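Asker: Please see the structure below; I have some questions.
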Amino acid sequence: MSDTDLATLVRRAAARMDAAGLHFGHGTDNALDEACWMASHVLDIAADFPPEAFDREVGDEHRLRFEALVQDRIATRKPLAYLIGEAWFAGLKFRVSEDVLVPRSPLAELIVDGFEPWLPAERMQRAVDVGTGSGCIAVALAHHYPQLQVDAVDISTAALALAEANVRDHGLNERIRVLQSDLLTSVSDRRYDLILANPPYVPEASMAELPPEYAWEPALGLVAGADGLDLVRRLVAQAGDCLEEHGILICEVGEAAAALDQWLHAEPVTWLEFAHGGDGVFLLDRAGCRRAAGQA
């Protein structure tokens, strides 16, 4: 082991980031994983590079680029995904910019592992990704379910442009339709087997308490009224008319989960569990959405 092998550089970078008090919640949850992500980008090696890669000697050019990236991360508190213009979701790489949230939803686990017992794969023909942002959820759905036609909707024109680029990158233009829409307003005439949504759900009072990294993300994709449910209430009301009889809505509400339980106290909501971390994701079927809409 030397001062210029990858293991040493990664370990030192992680220690510097930890000492600087950085927040890790935009693709990684710790400094060591973030340093490895930096290394894979700078060295153009697989994100899940094998252990033997740590013995690799890093030349001066790559070492300087790596150290500059570490310094930028510390100095700016900008999420790494924005610094390098890319992120990973459900095993796929996506372009990202400050026009969209950094992909990180636990919905990735559902997409990869499947939606049973609530929705068997053979009953999935049409899906919509509400608030698509970078398009990562829509693309991951279409990638993992070849029979699926997906609508990707967002209110932001800048986000839609990025989503279209990611759809093209993955060669899914024929199965993903990118549309501007305020929630489901522009697709209210369509019926879906699956509605997936990761809408804004941060209560206004919580915004000031978030780590500096979140200030780089568009507020349009984060904040949602006093209790975080401004958009979710509207979405649930719309979903009942946009789902097939067997269809389901799966929506992430994060820290607004308690507020949702209070709002839907009379409606049995299914809260999903995740093997790889994440919570605050609920499921309602069509009948549940329609009953909930009566409580709005």
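The values are calculated or read from the model by the stated rules, or taken from the named source; none is laboratory data. Since the structure is predicted, the reported quantities are computational estimates derived from the model, not experimental observations. Glycine also receives a Cβ, built like all others from the backbone with ideal geometry; neighbour counts cover every protein chain displayed.
Asker: Being at pLDDT below 95 and within 16 Å of the chain's Cα centre (by Cα) narrows it down to one of Glu255, Glu213, Glu267, Glu273, so name that one.
Answerer: Matching residue, one of Glu255, Glu213, Glu267, Glu273: Glu255.
Asker: I'm checking my understanding of the structure. Among residues of region 46-70 that are within 23 Å of Ala108 (Cα to Cα) and among the aliphatic types (A, V, I, L, M), which one is surrounded by the most Cβ atoms within 10 Å (Cβ to Cβ)?
Answerer: Once the filter is applied, the top-ranked residue is Ala47.
Asker: Okay, next question. From (1) surrounded by 13 or more Cβ atoms within 10 Å (Cβ to Cβ); (2) in a loop (DSSP other than H, G, I, E, B); (3) among the aliphatic types (A, V, I, L, M), pick out the condition that doesn't hold for Ala87.
Answerer: Just one mismatch for Ala87, condition (2).
Yes/no matrix, rows are residues, columns are (1) in contact with a strand residue (DSSP E or B) (Cβ under 8 Å, 6 or more places away or on another chain); (2) of a type in the set (Val, Ile, Thr); (3) over 17 Å from Arg104 (Cβ atoms):
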position: Met17; (1), (2), (3): no, no, yes
position: Gly21; (1), (2), (3): no, no, yes
position: Phe24; (1), (2), (3): no, no, no
position: Asp33; (1), (2), (3): no, no, no
position: Val42; (1), (2), (3): no, yes, yes
position: Asp72; (1), (2), (3): no, no, yes
position: Thr76; (1), (2), (3): no, yes, yes
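Asker: Quick one: Gln71 ticks every box in (1) touching a residue at least 12 places away in the same chain (Cβ under 8 Å); (2) closer than 20 Å to Ala19 by Cα; (3) of a type outside the set (Gly, Ala, Ser) bar one, so which box is it?
Answerer: Against the list (1) touching a residue at least 12 places away in the same chain (Cβ under 8 Å); (2) closer than 20 Å to Ala19 by Cα; (3) of a type outside the set (Gly, Ala, Ser), Gln71 comes up short only on (1).
Asker: If a residue must be over 18 Å from the mean Cα position of the chain (by Cα) and in a loop (DSSP other than H, G, I, E, B), how many such residues does region 108-144 contain?
Answerer: 7
Asker: While we're looking at this one, here's another question. Please state which of the following conditions Glu255 fails to meet, knowing it meets all the rest: (1) crowded, with 18+ Cβ neighbours inside 10 Å; (2) out of contact with any Cys (no Cβ under 6 Å at 6 or more places or on another chain); (3) part of a helix (DSSP H, G or I).
Answerer: Status for Glu255: all satisfied but (1).
Every residue, every condition in (1) among the basic types (Lys, Arg); (2) more than 21 Å from His26 (Cα to Cα), yes or no:
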residue: Arg168; (1), (2): yes, yes
residue: Asp182; (1), (2): no, yes
residue: Ser186; (1), (2): no, yes
residue: Asp193; (1), (2): no, yes
residue: Ser206; (1), (2): no, no
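Asker: Output yes when any residue across region 239-253 is closer than 30 Å to Thr28 by Cβ, in the same structural domain as Val202 (by TED's automatic domain parsing) and without any contact (Cβ under 8 Å) to a residue 12 or more places away in the chain, and no when none is.
Answerer: No, region 239-253 has no match at all.
Asker: Separate question: Mind checking whether some residue in region 105-116 is among the hydroxyl-bearing types (Ser, Thr, Tyr), buried (at least 17 other Cβ atoms within 10 Å of the Cβ) and in contact with a Gly (Cβ under 9 Å, 6 or more places away or on another chain)? Give the derivation first.
Answerer: Going through region 105-116, the residues among the hydroxyl-bearing types (Ser, Thr, Tyr) turn out to be 105.
Remaining after also requiring buried (at least 17 other Cβ atoms within 10 Å of the Cβ): 105.
From what's left, in contact with a Gly (Cβ under 9 Å, 6 or more places away or on another chain): 105.
Within region 105-116, one or more residues are among the hydroxyl-bearing types (Ser, Thr, Tyr), buried (at least 17 other Cβ atoms within 10 Å of the Cβ) and in contact with a Gly (Cβ under 9 Å, 6 or more places away or on another chain).
Asker: Can you confirm whether Phe66 is touching a Pro at 6+ places or on another chain (Cβ under 8 Å) and of a type in the set (Phe, Trp, Tyr)? Full working, then the answer.
Answerer: On the way: touching a Pro at 6+ places or on another chain (Cβ under 8 Å): no; of a type in the set (Phe, Trp, Tyr): yes.
No, not satisfied.
Asker: So Pro79 clears everything in (1) without any contact (Cβ under 8 Å) to a residue 60 or more places away in the chain; (2) outside the structural domain of Ala275 (by TED's automatic domain parsing); (3) under 25 Å from Thr132 (Cα atoms) except one condition, right? Which one?
Answerer: (1)
Asker: Name every residue in region 29-54 that is modelled with pLDDT of 95 or more and outside any helix (DSSP H, G or I), in order of residue number.
Answerer: Asn30
Asker: Here is a check on your reading of the model: is Val167 buried (at least 23 other Cβ atoms within 10 Å of the Cβ), outside any loop (DSSP other than H, G, I, E, B), touching a strand residue (DSSP E or B) at 6+ places or on another chain (Cβ under 7 Å) and without any contact (Cβ under 8 Å) to a residue 40 or more places away in the chain?
Answerer: Against the criterion (buried (at least 23 other Cβ atoms within 10 Å of the Cβ), outside any loop (DSSP other than H, G, I, E, B), touching a strand residue (DSSP E or B) at 6+ places or on another chain (Cβ under 7 Å) and without any contact (Cβ under 8 Å) to a residue 40 or more places away in the chain), Val167 qualifies.
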